[in-house]
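Heads up: the structure comes next, in structure tokens.
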Amino acid sequence: MNKGPLLLLLACLAAAHPGLADDKNASADAATAPKTENCIQTATYAGELPCADCAGIETLLTLNRDGLAVLTSHYLTDDPNLFIERGTWSMKDKLLAVAFGDDTRYFNPLPDGAIMMVSKDGEASDALADAYTLKPVTPLDAASFAGQYALKDDNGDAQTLAITAEGNDMARVEVKSRDCEFQGAGRVVNDVIELPFKTGGPDQAAVMIIRPTQNKGELALFTSDYDERYALNYFCRGGGTLAGEYALKKTVAQ
């Protein structure tokens with residue numbers, strides 16, 4: 001079997017914390033696992049899952065060595081919605097179980113290193129197996145976003161977005177124009193920058209998302225929940241907004 005990232009992660013977990021992983025493969029691999037300091041810290045999987053009322057759901061799932069899991073679901077609709085869920089993962093009867101509160105999703109590790117969504121009994125529809133498969137990927141880090149960007153079609157306002165990496169997974173974000181000004185720090189998770197922010201009162205909060213578009217060197221800035229999109233107007237005058245697509249103008253050495 002191909003030693004995909006999940007098996008390597010399990011082997012490292014079993015080596016560092018014997019008894020925490022109940023999967024026999026992990027226990028068997030513990031003896032040959034890399035030294036703890038050389039172990040991988042995360043395993044990330046990506047794919048586009050079916051959606052009943054949209055074009056699809058771009059999905060990234062990251063499993064951390066400490067047992068935490070992060071799931072990103074980007075619904076491909078005209079109104080962008082990107083949700084980030086945090087939970088825990090474990091191995092149960094050779095299945096990967098990822099729990100988000102009361103919602104537990106099950107995946108079957110495949111020989112090629114991918115994982116396939118299945119029922120809690122491990123059953124999957126052969127006809128739809130490929131559609132529910134997530135493949136291992138190398139996630140982006142903060143340096144992947146670093147650079148100077150300019151808002152596309154900004155009608156001459158020269159609205160800019162500056163991103164500076166602060167370590168592997170933190171990014172400093174600054175948006176400036178004649179009518180807009182914003183500064184904040186976000187965390188890179190599942191190929192997006194997640195940046196919670198407040199607008200006015202203590203209960204007025206939203207989450208900014210910055211993610212690559214399908215066009216190389218371009219980023220989209222929006223709120224995680226489309227219904228909160230007007231929160232990005234708070235930092236601008238004259239009806240402006242931080243939201244939009246930004247094109248890379250200059251890379252920044254890190």
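Quickly rank 229-235, 167-173 as a protection proxy: mean count of other C-beta atoms within 10 Å, highest first. Before the final figure, lay out each step's value.
Details: 229-235: 17.7, 167-173: 16.0.
Highest to lowest by the protection proxy: 229-235, 167-173.
Here is the link list: 176/216; 92/135; 94/216; 135/216. Which ones come out longer than 27 Å on Cα distance? Present the calculation step by step, with values, prior to reporting the outcome.
Numbers: 176/216 22 Å; 92/135 20 Å; 94/216 39 Å; 135/216 22 Å.
Long pairs (Cα-Cα over 27 Å): 94/216.
Describe numerically, in nm with one decimal, the distance between label points set 7 Å from Cα along Cα→Cβ at residue 119 and at residue 137.
The answer from the label model is 3.0 nm.
With 10 angstrom as the radius, rank 226, 45, 75 by how many other C-beta atoms surround their C-beta, starting from the fewest.
Numbers: 226 14, 45 25, 75 17.
Result, fewest neighbours first: 226, 75, 45.
May I ask you to compute the full-extension gain from residue 247 to residue 168, defined as 0.36 nm times their residue separation minus their alpha-carbon distance, rounded to one decimal in nm?
Length gained between residue 247 and residue 168: 26.2 nm.
Each value in this text was obtained by applying a stated rule to the coordinates, not by laboratory testing. Computed from a predicted structure; not experimentally measured. A quick note on method: Cβ atoms are made from the backbone with ideal geometry, for glycine too, and the neighbour counts reach across all protein chains shown.
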